[in-house]
Structures are given as structure tokens and as C-alpha cells.
Amino acid sequence: MRESVPYIVAGPCSVESRGQLSAVAEALARLPQVSMIRCGVWKPRTRPGGFEGYGETALQWVAECRGAVDAVRRECGGDRMRFCCEVALPEHVELVLRYGMDAVWIGARTTASPFMVQELTEALRGTGLPVMVKNAPSPDVRLWMGAIERCRQVGLTDLTAVHRGFDVFRNDGYRNNPLWEVPIELRRTMPEVPILCDPSHIAGRRKPIATLSQTALNLGFDGLMIEVHPQPSVALTDAGQQLSPDELAVLIGGLVMRSTDSVVADEELRMLREQIDCLDTEVLQLLASRFAVSRQIARIKMEGNLAVFQPKRWDALLRQRMETAQQLGLDAEFVKGFFEKIHAESVRVQEMEMEKLKIDN
Ligand code: PEP
Ligand code: MN
């Protein structure tokens, strides 16, 4: 059953110094809603040459800052603070255990490789560590499920999925497109696995993080993993998307946890409407892309002195769309009417574009 408050993991993308870690960890210790501090120790960089994390030294800093962090926590009436970091290699697991980290996560790039996940989970066998599994960068829910299943196969039971968005052809203004239907499918197939949303890596910038966080809660996610830095603008990694501790406090204050068993029907209806809103946005984005292509076609037709309306092409297109519609279980007449409207608009857009090109020349 869902908790009545979201589970919040927050902390810096990377541990950059003892001072940076203490500053952010002590600030987060004052926020009772934060249950665990995330702190990247080994950073998977897409290209070589960037800051790759301080590794074991950073783990030492974590161990050293715990006393002061827990003192703040006690002052505020809270429990001991927990810390987690990403592990990507078996030797990372060894070091994490040596320095007493409370949990780990498997990063997106690792989840993408079943060989790496297998090696990692072998190293985690018998440790009992809680493991958070991020989705792979590609929107293949089976890779995500596979990594969770491999964790289970070595006896790990405290497992959480983390949705960090997907790197797809159209990222729709995000660093990683949320494609909410993928975590929704994970929830359907693995309802027992809690899911956190990582709006920081979805957004890639600060502004959309609060809205994404609320959307995740609206969709029934169990919590959030958010990047927080004492001075985001000078962060060594992901500077554009980290929040300050004060910004996180404001964000948390504005969150509404949508839940409660007493209104299951309403809750389900609201979640479905949220899905409809997301899907409709995608439909509109696709339409916008389609008309952008129409404008490019107009230019080529004008250069080749071709008519805007090409009856043979239109006939073939309509037949093919209706066939696809039938295969997808859609009403063929509805789809015909839909494409007639789209086609009419496409003709109008092409004509306008030709007019514009005439004037420009
Ligand atoms: C991270 O959380 O620091 C990270 C590298 O994220 P991801 O694996 O989602 O890219
Ligand atoms: Mn990051």
C-alpha cells in the first residue's frame, strides 16, 4: 500500500569535496521529509575527460560527516540519515560495504547492459543492501524489469525502481523524455515494486522539476530522487538541474500526495485522466512535427514545380493508414475522417509556405 507521504531521496549529483558534502547533508538533515541522501561517488560520463568522482575518498567523507549530520537530525527530532550512491562495478560494491553506505543504486547506463547487471548483482549477493534500479536510457521496460529480476535472483529483496526518463529521438524539451507510459507499464507488471521519479535527470534544468515531481505523485509514484547542491551553479556535474536545499524545501512544501484507499475509484479515474493529458500532449507534439515536415515538402514541390495535391500519393497514404488503423483495432471510418482533416490542413500549410517562399524570393 502507498505511504501517505512521498519517500524522498535528495543530494548532490556528485560528491565534490568534504565541505560541499557536509554543507548539503546538514541542510538536508533539517528537512524531515528527506529520508536518504544520494551522493554520486563514481560518475558515469558519456565522454572521457570530465569529472568522474572522487571514489573511495568521497566514501571516506561520507563516513566522516555522518556524526554531524545525525546530530542535526536528532536536534530536529528525526531518525539517523541514510546515504546511498551509484555502483557500477563489483569493486564499487566492496567499497560501499567497507564504508557502511546504507543503500545503492544501479545507474541507467548499467541497467542497459545485462552482462554488467549480472556481475553487479553477483557482487551484491548476500549483502542485503537496498537497491534502487534506474531505467535504461532506451524505453525498453523489459531491460528495467530484467535488472530488477537479476537482483531478485541473488536474493535481494529491498528493491525500488527509479524512473529517470528516456533518451529517445524526440526528447520534447526534456533532457530525457519522461514517456510516462513506460513506468506505468512497470507498475502494471510489477505492482509490488515501489517506484521513485528522478525529475532532475528527466528535466535537465531546474524549472520543470516541481511540475514533474507532482505529475509523478499524481501517477501514483511512491517518491522522488532529486539532485540538490549547496551552490548549484558551480556544481562539477549537472549544474543546470540541481536545486539548492532551500529550493528543495519549497518544492516539498508544495507537493500533494495523491492517495488514500477510501477513494480508490476516484484515484484511478484521476490517474487515467493524467495519462490522457500526457498522451494528448504527445499527439499535439506529433502533429506539430508533421506540419513542420509539410512545410519542408512545400519547398521541394515548389522547386520541382509539383502540384501541392498529389492524388495518387493521397490515395495510397489513406489506404495504408486505414489498414494500420484496422490492425490497431481503431475504427476505420474515424481514422479516415481524422486523416482527411490532417491532409486538408497539410495542403493549407503547404500553400501558405509556398506563398511565403514566393514573397521571400
Ligand atoms: C545519477 O543519478 O547521478 C546519474 C548518473 O543518473 P542516470 O544513471 O540516471 O543517468
Ligand atoms: Mn546527475
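Laboratory data are not the source of any read-out in this text; all were calculated from the coordinates shown. Quantities reported herein were computed from a predicted structural model and do not represent experimental measurements. Virtual Cβ from ideal backbone geometry, glycine too; neighbours counted across all protein chains shown.
Structure above, values below:
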| item | result |
| --- | --- |
| CYS76-GLU149 FRET efficiency (beta carbon distance; Förster radius 41 Å; 0.05 resolution) | 0.60 |
| Full-stretch length increase - THR211, ASP172 - with 0.36 nm per residue and alpha-carbon distance subtracted | 12.5 nm |
| Among beta bridges that DSSP assigns inside the range 7-260, antiparallel share in %, nearest 5 | 5 percent |
| Net dipole in debye of the range 264-360 [+1 Lys, Arg Cβ; -1 Asp, Glu Cβ; about Cα centre; nearest 20] | 720 debye |
| Gap separating the Cα centres of the range 127-206 and the range 304-361, nearest whole Å | 38 Å |
| Prolate/oblate/rounded label for the chain (Cα gyration tensor, a/c 1.5) | prolate |
| Cβ-based charge dipole, the range 264-360, positive-most Cα from VAL347, MET271, LEU284 | VAL347 |
| Peptide ranges 103-114, 230-241, 206-217, 66-77 listed from the most packed, as the mean C-beta count within 10 angstrom indicates | 103-114, 206-217, 230-241, 66-77 |
| Label-reachable residues, the range 219-246, where backbone N falls under 16 Å from a point 7 Å from SER17's Cα toward its Cβ | 229-237 |
| Förster radius 56 Å - calculated FRET efficiency between GLU355 and THR127 (Cβ-Cβ, nearest 0.05) | 0.25 |
| Footprinting exposure proxy for GLU227, GLU64 (fewest neighbouring C-beta atoms within 10 Å first) | GLU64, GLU227 |
| Listed residues THR160, SER233, GLY11: farthest to the positive end of the dipole of the range 7-260 (Cβ charges) | SER233 |
| Residue exposure sequence - VAL62, VAL293, VAL24, VAL141 - by fewest surrounding Cβ within 10 Å | VAL293, VAL141, VAL62, VAL24 |
| Reachable lysines from LYS134, criterion Cα separation under 17 angstrom, eight or more residues apart if same chain | LYS43 |
| Ordering of 317-323, 299-305 by burial proxy (mean other Cβ atoms within 10 Å per residue, highest first) | 317-323, 299-305 |
